[in-house]
1. From (1) closer than 14 Å to GLY14 by Cβ; (2) at pLDDT below 85, pick out the condition that doesn't hold for SER113.
2. Of the residues ASN131, ASN104, only one is under 27 Å from SER28 (Cβ atoms), in contact with an Asp or Glu (Cβ under 9 Å, 6 or more places away or on another chain) and of a type outside the set (Val, Ile, Thr); which?
3. Given the residues LEU93, LEU143, LEU133, LEU82, which is the only one that is within 22 Å of THR12 (Cβ to Cβ) and modelled with pLDDT under 80?
4. Based on what the data block shows, is THR11 closer than 17 Å to SER130 by Cα and out of contact with any strand residue (DSSP E or B) (no Cβ under 8 Å at 6 or more places or on another chain)?
5. In the set THR66, THR101, which member is within 18 Å of LEU45 (Cα to Cα) and hydroxyl-bearing (Ser, Thr, Tyr)?
6. Would you check which residues across segment 45-62 are outside any helix (DSSP H, G or I) and touching a helix residue (DSSP H, G or I) at 6+ places or on another chain (Cβ under 8 Å) and list them?
7. What about LYS100, is it assigned to a loop (DSSP other than H, G, I, E, B) and surrounded by 13 or more Cβ atoms within 10 Å (Cβ to Cβ)?
8. Inspect all residues belonging to segment 28-44 and state whether any of them is closer than 19 Å to LYS79 by Cβ and touching a Gly at 6+ places or on another chain (Cβ under 9 Å).
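The values are calculated or read from the model by the stated rules, or taken from the named source; none is laboratory data. All figures in this text were calculated on a predicted structure; none of them were measured in a lab. FYI the Cβ positions are ideal-geometry reconstructions off the backbone, even for glycines, and counts take in every protein chain you see.
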Amino acid sequence: MSPVILAQTDTTVGFLSQNQQKLYEIKSRETSKPFLKVYPNFKSLLVSKNRVPNNFKRLVRHSKKTTFIIKQNAFRVAKNHLNSQILRDSLWLYSTSANKTGENFDREFCQNSADIIIEDINGLVENSPSNLLKINRIKKRKLR
């Protein structure tokens, strides 16, 4: 059983896990709404059998704080700035903001919901979410 990790992501405070069902329970979220996957680098994204259109490979490889949607699959390549062995050893993790669906960040709720808390000297800070781009073979469209 994969643990739920509370950590500062590249954008905001987030829950990270490979256990999608546990994240649905914590967030009280509809199972029809999928989570995005976070990859530590572009190579991990490709090893996981994901295809990125040739026109946008450079954009995906070099983007920062951007989530991409390709054929209903959401992902982000986010270099982890936290020096955590747990996060480095994962090829990918499901990611979601650390809050109940539709609510703001509540530290007590998050600490009670997570199995592991990873925090650096800066603490856990709720920042703005990532940009959201939907791409296909030909075009891209900004959703957020």
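1. (2)
2. ASN104
3. Details: LEU93 fails: modelled with pLDDT under 80; LEU143 fails: modelled with pLDDT under 80; LEU133 fails: modelled with pLDDT under 80.
The conditions single out LEU82.
4. Details: closer than 17 Å to SER130 by Cα: yes; out of contact with any strand residue (DSSP E or B) (no Cβ under 8 Å at 6 or more places or on another chain): yes.
Spelling it out, THR11 is indeed closer than 17 Å to SER130 by Cα and out of contact with any strand residue (DSSP E or B) (no Cβ under 8 Å at 6 or more places or on another chain).
5. Working: THR101 fails: within 18 Å of LEU45 (Cα to Cα).
That would be THR66, the only listed residue that is within 18 Å of LEU45 (Cα to Cα) and hydroxyl-bearing (Ser, Thr, Tyr).
6. Quick first cut of segment 45-62, residues outside any helix (DSSP H, G or I) only: 48-53.
VAL52, the sole residue that qualifies.
7. The answer is yes for LYS100.
8. The first filter runs over segment 28-44 and keeps only residues closer than 19 Å to LYS79 by Cβ, leaving 36-44.
Going one step further and asking which of them are touching a Gly at 6+ places or on another chain (Cβ under 9 Å), we end up with 38.
For segment 28-44, residues closer than 19 Å to LYS79 by Cβ and touching a Gly at 6+ places or on another chain (Cβ under 9 Å): present.
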